[in-house]
Amino acid sequence: MGDLADLTRPAGDDDAVAGVPARLVAAPASTEEASAVLAAAAAAGLAVVVRGGGSKLDWGMPPERLDLILDTRRLAGVVEHAAGDLITVVRAGTPTDDLDLPGQQLALDRPVPGATVGGTVAVNTSGPRRVLYGTARDLLIGMTVVRPDGRVAHAGGKVVKNVAGYDLAKLFTGSYGTLGLITECAFRLHPRPAATAVVCAPAPDPAAAGRLAAAVRDAQVVPSAVEVDAPPGGPVEVAALVEGSVDGVAERAAVLHKVLGDQARDGVPEWWGTLPWRTGQVGIKLTAPLSRVPALLTEARATGAAVTVRGSAGAGVLYAGLPADPPGDVATVVERLRAAAVRAEGHVVVLTAPPAVRQLVDLWGPVGGLALMRRVKDQFDPEHRFAPGRFVGGI
Amino acid sequence: MIDVLAGRLRAVLGAERVLSDRQQLRTYECDGLAHYKVIPALVAFPHTAEECAAVVRACVAANVPFVARGSGTGLSGGALPHADGVLVVTSQMREIRDVSPADERAVVEPGVINLHVTRAATPHGYYYAPDPSSQQICSIGGNVAENSGGAHCLKYGFTAHHVTGARVVTPDGDLVRLGGRAPDAPGYDLLGAFVGAEGTLGIAVEVTLKLVRLPESVRTLLAAFASTDQAGAAVSAIIAAGVVPAAVEMMDALAIEAAEAAVACGYPAGAGAVLIVELDGPAAEVSAQFDEVRTLCRDNGAFEIRVAADDAERALFWKGRKSAFAAVGRISSDYIVQDGVIPRTALPEVLRRIGTLAGDHGIRVANVFHAGDGNLHPLVLFDAEVPGEAERAEEVSGAIIDLCIEYGGSITGEHGVGMDKSRYMPRMFTADDLDTMQLVRCAFDPAGLSNPGKVFPTPRLCGEVPGRHRGAHPLQEAGIAEVF
Ligand SMILES: Cc1cc2nc3c(=O)[nH]c(=O)nc-3n(C[C@H](O)[C@H](O)[C@H](O)COP(=O)(O)OP(=O)(O)OC[C@H]3O[C@@H](n4cnc5c(N)ncnc54)[C@H](O)[C@@H]3O)c2cc1C
């Protein structure tokens, strides 16, 4: 086992997580180095937070303790791109924007600029095209992780079809770095489409937007995305994306025009694929079954607050952004939205918020299976050293 | 001891839904992998989630293992009973609770037959995409446990991609909901771990499935080639052209011979390999790509290409393929079905090496496979009556698995590890890999009562976990924060 002093450097002023300063930073360049660092950290009982691009480091609760930041940015690069097999193996610290896969794509949208592949997987962010391609969990075919005790484990593999053993990649997806360090991900790829088209139309109210989205799904155009944008007070917009061959896309876009009505226009609206909040504001994720998406939009309006709701009406995943002041009002909005989402069999999760708001709201809301989740955490990280307190139920 | 448990189960289910008579128990001694046989101590038929939970709790109280069974079509011995255990059969839980085109979801009981979901959804313009060849008989619960695939999973993904929620009886006997009708439930993706866990993490008692809009257009062709090399090259060309077919299936000469003998599917005479290629989607996309696929097949040596004129002809193309396993029975008294996966581009090389292996051992191997994703189904033929043949077939079969691993593939693409392939797991995974997977097992089932002896060659001792309750908020400890 290596010596911690040789494997780490002292933390600088920027090396904090959601306001909690670290003592040490390590930036291993390989799975083996990461394993050595984490074994040493385990021996020393250090609390660890994994940091990629740092773009979502303030999502979830701040860590209850923090000694070591494990920076993944040297764990970067494409290990393999087997175009004929439509797969790639990528190191976790690779910026998603750097993925250059000629003729093919990792069909994972990037709603948060500056993200790494590992961070995207760990927080399970997704964008408009999840309607067609799914999310990270659906595209992952294998994963290499380093456990909190420093041991290296692989699950899945490099082939798209594989049911040997438990699917640890799904367990680590969306785990917010609380189970261990992701060092490599294998993904299935898709061909890059020859053509794409977005058709966008206004709707007078959320219910009408819901009808438009349903009509798009009904039309057999196989949309890659069906998005909705509802700024406070302003008109609601619905936009759909089709991807495919040049001729095919032209015909499908024509169908979209018919379905979306006279006011439909071509072109990507400027809000497309972006999250509806700015730094310092409150960012919320809302989910619901498809038919209940309008109910969430309506409830957001009914709060009377300056809430913008935007996201995938085709997948039932929306995001809401609102100003952080006054925190009491934010808490009320969150409560109302959550009540509406729970009635709809969905969820409301506050992804990011300033400390004053975090003190007033429960970020996660009701979590099904929490007792089992605690048992999973206890098995992987019995000393609760990885991002302690950041995740659901104080995990 | 087991009599006491039988009494408890009868108190919950009624006498007629608990079997203990040896003759009756025999019906359940094996699944689709019939050469493993174990007679269970008891068989129980719950009707509801609560009854199923009560059965599991009774097993836990008696420290008796339990094994879930759906339709018993599994091909890896996953539903092989435990001699001292209870086999929990879901065949009387067959209600389709809800079909909602507006939510693109169906909610079903675990015993519901795969094809019945599609039948219920089709009038609404939807279907359930994963289509194992056994779809007329296999259950959704079994599909969930095996993460089953099918021909159309190349484009649409496997069971795991189409399950958004499940109500599960945990190995403690608790009823828990994982996921639901909405996507992305907060917390760990336990549903993702449960799907494909082969019944080792508990029993699914209700499953929420994604429904997919029926495609506007479906076009299917059958292309005959002189050799599997040519057919493989055609598949590579199709993928390289950026086409993602709904399905690409290949059969070699021996598999074709068997299918002809069994179902007279009328494939082109003299073919060394046939490809079935199906495209679906918006009509405008499908027609252009279909022409391209046809050209690519011809360019790569197809000597005959038939295009299905209607659903009846399409069904005939598929009949040969979907009946292939059973058909092999016509040309060989016994056979082993393999399920290994290789990177698709290694197909020609691996097929040649399988041919050599077969020749060297004096064993015939028929090849049927999902060519689009490299999932091989070599059928290793033998006659158990001939001394030594079964052993040689077993050797060939093991060597094929090694080939798959050597080429960076997997020991199983869709049939699961079960009883049959657990001994090969250490060839594909390191001791640490397997140990890490079993951490999940320990979290769900520390006592190891849920389908023990499957998937993993050796169980992990779970032990007491140190520091279990460190760091959590007292409210959460008290179970209050959980429901805020
Ligand atoms: C002719 C034939 C063709 C086949 N083709 C395919 C194919 O194309 N693709 C494919 O993937 N498979 C195929 N199979 C394999 C098999 O049909 C699938 O694995 C299927 O999913 C098994 O379903 P079942 O209901 O028969 O499950 P069973 O065989 O009864 O059980 C399978 C496993 O699931 C577990 N299980 C069952 N119900 C539950 C539950 N409710 N909760 C938790 N665990 C449960 C069992 O414990 C066992 O481990 C084929 C089989 C045959 C015989």
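Pairs meeting the criteria (first residue in region A:232-249 and in contact (Cβ under 8 Å) with a residue 12 or more places away in the chain, second residue of a type in the set (Ser, Thr, Tyr) and not in a strand (DSSP E or B), beta carbons under 8 Å, at least 6 apart or on different chains) are A:241/A:224; A:242/A:224; A:243/A:224. Listed by first and then second residue, the pairs linking a residue in region B:197-211 that is at positive phi to a residue that is of a type in the set (Asp, Glu) and more than 8 Å from the ligand (Cβ to nearest atom), with Cβ atoms under 8 Å apart and 6 or more places separating them unless they lie on different chains, are B:202/B:445. Residue pairs whose Cβ atoms lie under 8 Å apart, sitting 6 or more positions apart in sequence or on different chains, and linking a residue in region A:98-121 that is within 23 Å of residue A:242 (Cα to Cα) to a partner that is buried (at least 17 other Cβ atoms within 10 Å of the Cβ) and of a type in the set (D, E, K, R), are A:107/A:129; A:109/A:129; A:109/A:130; A:112/A:56. Restricting B:66, B:45 to those that are in contact with a helix residue (DSSP H, G or I) (Cβ under 6 Å, 6 or more places away or on another chain), over 24 Å from residue B:457 (Cβ atoms), within 13 Å of the ligand (Cβ to nearest atom) and in contact (Cβ under 8 Å) with a residue 12 or more places away in the chain reduces the list to B:45. Reported count of residues in region B:206-230, each being open to solvent by less than 10 Å² (accessible area, probe 1.4 Å) and over 19 Å from residue B:120 (Cβ atoms), is 6. Out of everything in region A:50-86 that is within 21 Å of the chain's Cα centre (by Cα) and within 14 Å of another protein chain (Cβ to nearest Cβ), what residue ends up being most open to solvent (accessible area, probe 1.4 Å)? The residue in question is A:61.
The condition of being within 25 Å of the chain's Cα centre (by Cα), within 14 Å of the ligand (Cβ to nearest atom) and either within 13 Å of chain A (Cβ to nearest Cβ) or modelled with pLDDT under 95 (or both) holds for only one of B:246, B:259, that being B:259. Counting the residues of region A:261-313 that are open to solvent by less than 10 Å² (accessible area, probe 1.4 Å), in a strand (DSSP E or B) and away from chain B (no Cβ under 14 Å) gives 3. Please verify whether residue B:175 is open to solvent by 10 Å² or more (accessible area, probe 1.4 Å), within 16 Å of the ligand (Cβ to nearest atom), among the hydrophobic types (A, V, I, L, M, F, W, C) and in contact (Cβ under 8 Å) with a residue 40 or more places away in the chain, treating the condition exactly as stated. It is true that residue B:175 is open to solvent by 10 Å² or more (accessible area, probe 1.4 Å), within 16 Å of the ligand (Cβ to nearest atom), among the hydrophobic types (A, V, I, L, M, F, W, C) and in contact (Cβ under 8 Å) with a residue 40 or more places away in the chain. Please verify whether region A:70-84 includes one or more residues that are within 23 Å of residue A:383 (Cβ to Cβ) and among the aliphatic types (A, V, I, L, M). So far as region A:70-84 goes, yes, one or more of its residues are within 23 Å of residue A:383 (Cβ to Cβ) and among the aliphatic types (A, V, I, L, M).
Does residue B:326 meet the test of being away from chain A (no Cβ under 14 Å), within 22 Å of the chain's Cα centre (by Cα) and hydrophobic (A, V, I, L, M, F, W, C)? So residue B:326 passes the test. Among the residues making up region B:50-87, a single one is on the phi > 0 side of the Ramachandran plot and in contact with a strand residue (DSSP E or B) (Cβ under 9 Å, 6 or more places away or on another chain): B:72.
Taken across region B:134-145, residues that are of a type in the set (S, T, N, Q), within 12 Å of another protein chain (Cβ to nearest Cβ) and near the ligand (Cβ under 8 Å from one of its atoms) do occur, with at least one present. Total residues in region B:331-381 satisfying the condition of being under 21 Å from residue B:257 (Cβ atoms) and more than 14 Å from chain A (Cβ to nearest Cβ): the figure is 27. If the condition is being open to solvent by 30 Å² or more (accessible area, probe 1.4 Å) and within 10 Å of the chain's Cα centre (by Cα), then region A:110-128 contributes only A:110. In summary, residue B:50 fulfils each of the numbered conditions (1) under 25 Å from the mean Cα position of the chain (by Cα); (2) in contact (Cβ under 8 Å) with a residue 60 or more places away in the chain; (3) open to solvent by 80 Å² or more (accessible area, probe 1.4 Å) with the single exception of condition (1).
The residue of region B:76-112 that is nearest to the ligand (Cβ to nearest atom), among those that are assigned to a loop (DSSP other than H, G, I, E, B), surrounded by fewer than 23 Cβ atoms within 10 Å (Cβ to Cβ) and of a type in the set (A, V, I, L, M), is B:83. Residues in region A:87-107 that are more than 14 Å from every other protein chain (Cβ to nearest Cβ), open to solvent by less than 30 Å² (accessible area, probe 1.4 Å) and either at pLDDT below 95 or over 18 Å from the mean Cα position of the chain (by Cα) (or both): A:96, A:99.
Mind listing whichever residues of region A:45-92 are touching a Gly at 6+ places or on another chain (Cβ under 6 Å) and under 17 Å from residue A:184 (Cα atoms)? A:50, A:52, A:53, A:72, A:73, A:75, A:76, A:91, A:92, listed by residue number.
Filtering B:67, B:56, B:38 for residues that are part of a strand (DSSP E or B) and either assigned by TED's automatic domain parsing to the domain that holds residue B:132 or more than 14 Å from residue B:203 (Cβ to Cβ) (or both) leaves a single hit, B:67. Going through (1) open to solvent by 10 Å² or more (accessible area, probe 1.4 Å); (2) in contact with a Phe, Trp or Tyr (Cβ under 7 Å, 6 or more places away or on another chain); (3) more than 9 Å from chain B (Cβ to nearest Cβ); (4) aliphatic (A, V, I, L, M) one by one, residue A:387 falls short only on (1). In region B:146-162, of all residues being near the ligand (Cβ under 6 Å from one of its atoms) and either under 16 Å from residue A:188 (Cβ atoms) or at pLDDT below 95 (or both), the one that is farthest from the other protein chains (Cβ to nearest Cβ) corresponds to B:150. Inclusion of residue A:131 among residues that are open to solvent by 10 Å² or more (accessible area, probe 1.4 Å), within 16 Å of the ligand (Cβ to nearest atom) and within 14 Å of another protein chain (Cβ to nearest Cβ) is not warranted.
May I ask you to list the residues in region B:333-358 that are in contact (Cβ under 8 Å) with a residue 60 or more places away in the chain and within 16 Å of the ligand (Cβ to nearest atom)? Those that are in contact (Cβ under 8 Å) with a residue 60 or more places away in the chain and within 16 Å of the ligand (Cβ to nearest atom): B:336, B:337, B:338, B:339, B:340, B:341. Could you tell me whether region B:419-431 includes any residue that is among the small types (Gly, Ala, Ser) and farther than 25 Å from residue B:158 by Cα? Yes, that holds for at least one residue. For the structure I just gave you, tell me whether residue B:120 is surrounded by fewer than 23 Cβ atoms within 10 Å (Cβ to Cβ), without any contact (Cβ under 8 Å) to a residue 60 or more places away in the chain and aliphatic (A, V, I, L, M). So residue B:120 passes the test. Would a scan of region B:329-339 turn up a residue that is more than 20 Å from the chain's Cα centre (by Cα) and at positive phi? Scanning region B:329-339, I find no residue that is more than 20 Å from the chain's Cα centre (by Cα) and at positive phi, so the answer is no.
The values are calculated or read from the model by the stated rules, or taken from the named source; none is laboratory data. Here the structure is a predicted model, which means the values were calculated and not measured. Because the Cβ atoms are built from the backbone with ideal geometry, glycine has one as well, and the counts that use them run over all protein chains shown. The protein model used for the area step is the full one, side chains on, heavy atoms only, and it has no ligands, DNA or RNA in it. Shrake-Rupley method; radii C 1.70, N 1.55, O 1.52, S 1.80 Å.
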